[in-house]
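Below is one structure, written out as structure tokens; comments come after it.
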Amino acid sequence: KRVIDYNVKVRVRADGGGVDLSNVKMSMNPFDEIAVEEAIRLKESGVASEVVVVSVGVKQAAETLRTALAMGADRAILVVAADDVHRDIEPLAVAKILAAVAKDEQPGLVIAGKQAIDNDMNATGQMLAALLGWGQATFASEVVVEGGSATVTREVDGGLQTIRVQLPAVITADLRLNEPRYASLPNIMKAKKKPLDEKTAADYGVDVAPRLTVVGTAEPAGRKAGVKVGSVDELIAKLKDEGVI
Amino acid sequence: MAVLLLADASGGHLAADSVSKTLTAVQSLGEVHVLVAGPAAAAAEAAGLSGVAKVLHAEDAHGLAEPVAALVAGLAGGYGHIAAPSTAFAKNVLPRVAALLDVMVIPDVTAVIDAETFERPIYAGNAVQRVRSSDSVKVFTVRTASFPAAGAGGAAEVTPVAAAGDGGLSSWVEDRVAASDRPELTSAKIVVSGGRGLGSQENFALIEALADKLGAAVGASRAAVDSGFAPNDLQVGQTGKVVAPQLYVAVGISGAIQHLAGMKDAKVIVAVNKDEEAPIFQVADYGLVADLFQALPELTGKL
Ligand SMILES: Cc1cc2nc3c(=O)[nH]c(=O)nc-3n(C[C@H](O)[C@H](O)[C@H](O)COP(=O)(O)OP(=O)(O)OC[C@H]3O[C@@H](n4cnc5c(N)ncnc54)[C@H](O)[C@@H]3O)c2cc1C
Ligand SMILES: Nc1ncnc2c1ncn2[C@@H]1O[C@H](COP(=O)(O)O)[C@@H](O)[C@H]1O
């Protein structure tokens with residue numbers, strides 16, 4: 001997914017109409033870089049034969065797909081579903097489109113990110129698995145593909161959980177799955193010639209009308225910077241005054 | 001219509017604090033039925049929470065997404081809302097439930113405005129979105145840090161329900177759960193968190209020593225977890241745990257927005273950092289510009 005770069009300080013529009021995305025740096029969702037990296041490693045280790053990258057959104061998502069191609073993916077599918085970057089496609093609609101793509105492409109494995117850092121949904125991979133009737137292994141920090149299954153270690157609340165999913169399945173990548181590579185300049189050049197297929201949501205017969213109407217977007221309650229204390233003793237005194245220790 | 005609350009019993013026991021806070025969040029929406037997929041003891045514990053009209057209990061060992069989602073979707077018929085605390089278990093299961101029902105999921109709800117309208121943070125908490133759902137059933141997870149816990153004192157009846165058949169899509173291999181005597185991170189009154197500034201796993205013991213002195217939970221920044229100073233389940237932030245304790249002490253943490261997303265609702269924030277320009281000081285109530293290797297032992301010693 002093409003999202004606002006994680007280093008950009010987001011600004012809520014004064015009219016409450018959402019977050020201002022005009023003229024801000026956009027990048028590949030950080031979790032998706034990890035997902036792409038994992039797919040490429042599976043190809044490099046001979047487990048996967050081809051890596052196809054897919055993005056749903058505005059036309060400019062082609063740039064994001066080019067980045068994935070430069071990292072080492074083989075080909076890309078861009079599904080244009082919006083003409084304004086402020087129109088986010090909901091996970092349910094994205095999952096329906098991805099399910100249709102999966103029916104065409106018949107992948108052995110789908111890897112998504114755990115969460116898009118713009119809408120913070122953490123939903124698309126799970127929804128896709130449901131629509132396809134596949135198993136799911138979310139929040140992955142380690143993936144081992146062997147024969148017809150993947151053994152996946154997942155980051156859960158109490159620590160780590162390992163499960164085995166039958167393939168095909170959907171895996172979602174957590175932060176510690178790998179460290180994504182940077183694309184080298186020659187690979188960026190090569191990526192320009194790799195195939196990028198452009199489709200629309202209508203090609204897959206998916207209605208992308210939102211189920212959730214955004215009634216308003218507001219700044220969160222702010223926090224003011226407090227005071228600097230000069231010593232550990234002063235800190236302890238302040239915390240005692242506050243009644244928190 | 002009633003509310004179906006999917007309890008988290010994935011750890012083999014009821015995540016009572018999260019369930020109880022979720023109960024508070026959904027109280028205005030109707031009678032609450034709590035579904036426990038787990039051991040019978042967890043169902044019995046849920047029955048004792050106040051505000052529970054009924055407990056549905058299905059035997060389940062590991063909380064795998066496919067059978068639990070099928071179970072919930074199978075029960076969905078009679079409910080207007082399906083809710084769960086935003087734990088890793090529910091974040092795994094509920095979007096799958098929503099897709100099976102052809103509805104959207106509304107993650108991390110911080111306020112229930114009315115039966116159709118909910119607030120949730122987006123962009124790492126830098127904006128709060130109010131959404132209205134047009135779906136027939138509202139499926140959502142609740143950010144528990146935003147709600148107080150409901151009390152005990154309930155005496156609901158426990159009704160057994162049949163677990164969904166295991167379709168064999170996934171199977172459990174192993175849990176690696178670190179046992180700890182410290183309070184749980186998401187419900188602790190005090191949290192002491194360490195960042196990259198600690199420098200090593202050995203030095204992270206300084207954080208643990210202060211936490212133990214204060215009876216606090218231990219947290220960490222992503223950098224500290226990535227560097228192996230602390231285990232993954234201690235990560236606080238946009239993509240880790242969200243906490244709202246009475247006191248949050250951030251040591252050797254710069255204050256990236258992704259970290260602030262997980263702790264900026266703490267009542268009192270203390271920052272210890274040797275860089276007076278560190279962004280963490282912009283949200284800290286009390287900032288101590290100091291070398292943590294001097295300040296931490298002194299603080300622990302004097303408390
Ligand atoms: C997709 C994505 C998701 C993320 N999710 C999270 C998340 O959930 N949680 C999270 O925390 N981060 C998250 N991050 C990472 C985040 O952007 C920061 O990189 C991270 O929070 C930095 O951790 P840190 O503050 O420990 O390290 P640094 O930024 O390196 O800061 C270390 C601090 O320690 C101080 N220091 C060093 N030595 C000493 C000393 N001796 N005494 C006192 N102070 C000292 C330094 O002055 C510095 O301020 C995410 C990033 C991305 C891209
Ligand atoms: N519009 C999209 N295009 C491509 N992938 C997406 C899109 N939306 C979500 N995803 C994938 O699903 C993951 C989770 O997104 P979300 O459910 O929106 O938090 C992302 O990390 C992506 O891998």
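The values are calculated or read from the model by the stated rules, or taken from the named source; none is laboratory data. All of these numbers come straight from a predicted model, not from anything done at the bench. All Cβ positions, glycine included, derive from the backbone under ideal geometry; neighbour counts span all protein chains shown. SASA here: full protein model, heavy atoms, side chains in, ligands and nucleic acids out. Shrake-Rupley method; radii C 1.70, N 1.55, O 1.52, S 1.80 Å.
Assorted remarks:
- The residues listed here are B:A284, B:A278, B:A295; of these, the one that is more than 9 Å from ligand 1 (Cβ to nearest atom) and modelled with pLDDT of 95 or more is B:A284.
- Check on B:L94, assigned to a loop (DSSP other than H, G, I, E, B) and open to solvent by less than 20 Å² (accessible area, probe 1.4 Å): no
- Qualifying residue in the range A:160-175 (condition: within 12 Å of chain B (Cβ to nearest Cβ) and small (G, A, S)): yes
- Among the helices (runs of 4 or more DSSP H) confined to the range B:180-265, the ones with at least 1 residues that are in contact (Cβ under 8 Å) with a residue 60 or more places away in the chain are located at B:205-214, B:257-260.
- Once the range B:189-216 is narrowed to residues that are of a type in the set (D, E, K, R) and away from ligand 1 (no atom under 13 Å from the Cβ), the residue that is nearest to B:L303 (Cα to Cα) is B:K213.
- Filtering A:T172, A:T153, A:T138, A:T162 for residues that are closer than 23 Å to B:G240 by Cα, β-branched (V, I, T) and surrounded by fewer than 19 Cβ atoms within 10 Å (Cβ to Cβ) leaves a single hit, A:T162.
- The requirement of being farther than 22 Å from A:A201 by Cβ, assigned to a strand (DSSP E or B) and within 16 Å of the chain's Cα centre (by Cα) is fulfilled somewhere in the range A:21-43, by at least one residue.
- Residue satisfying condition, being open to solvent by less than 30 Å² (accessible area, probe 1.4 Å), among the aliphatic types (A, V, I, L, M) and touching a Ser or Thr at 6+ places or on another chain (Cβ under 7 Å), within set B:A220, B:A216: B:A220
- Scanning the range A:63-80 turns up one or more residues that are polar (S, T, N, Q), more than 11 Å from ligand 2 (Cβ to nearest atom) and open to solvent by 20 Å² or more (accessible area, probe 1.4 Å).
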